[in-house]
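Notes follow the structure.
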């Protein structure tokens, strides 16, 4: 009989360098979308993925059965596919290029700062 091994769970506050509303650049993928930009719609930090819309959006096709009672029409449906955050880089507004970020503590909390230009990304919270 096989033993049951529990997979380690990620913490509830898994870290992620991007947030909802950020402009990002796709670093890897098909040549047609590599280097293109988009906006983050939603972040799934525990999975380490994000939904991105725009030029670099990734889609998957689902085959859906019709359900007249629910008003669902059958056929092929395109849905946004989450992209792993390691394949995304923040877009630095001052240089227009992808950048890495570091975190700095201020009196208002933690702020993300671009490595090369020193641009401070605004946090979503206002104090």
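Before moving on, here are some points about what is shown:
- Sequence-separation-based contact order of the chain, relative, with Cα cut under 8 Å and 6+ spacing, percent: 18 percent
- Listing 18, 72, 83, 41 from fewest to most neighbouring C-beta atoms within 10 Å gives 72, 41, 18, 83.
- As a rough footprinting exposure proxy, the listed residues 119, 59 were ranked by other beta carbons within 10 Å of their own, and the order from fewest upward is 59, 119.
- Shape of the range 1-73, Cα gyration tensor, a/c cut at 1.5: oblate
- Each of 27, 90 was scored by other Cβ atoms within 10 Å of its Cβ. Arranged with the fewest first, they read 27, 90.
- Relative contact order (%) - criterion: Cα under 8 Å, at least six apart; region: the range 23-91: 33 percent
No lab work stands behind these numbers, since they all come straight from the coordinates. On a predicted model such as this, the values are computed, not experimentally measured, just so you know. Cβ atoms come from the backbone with ideal geometry, glycine included; neighbour counts cover every protein chain shown.
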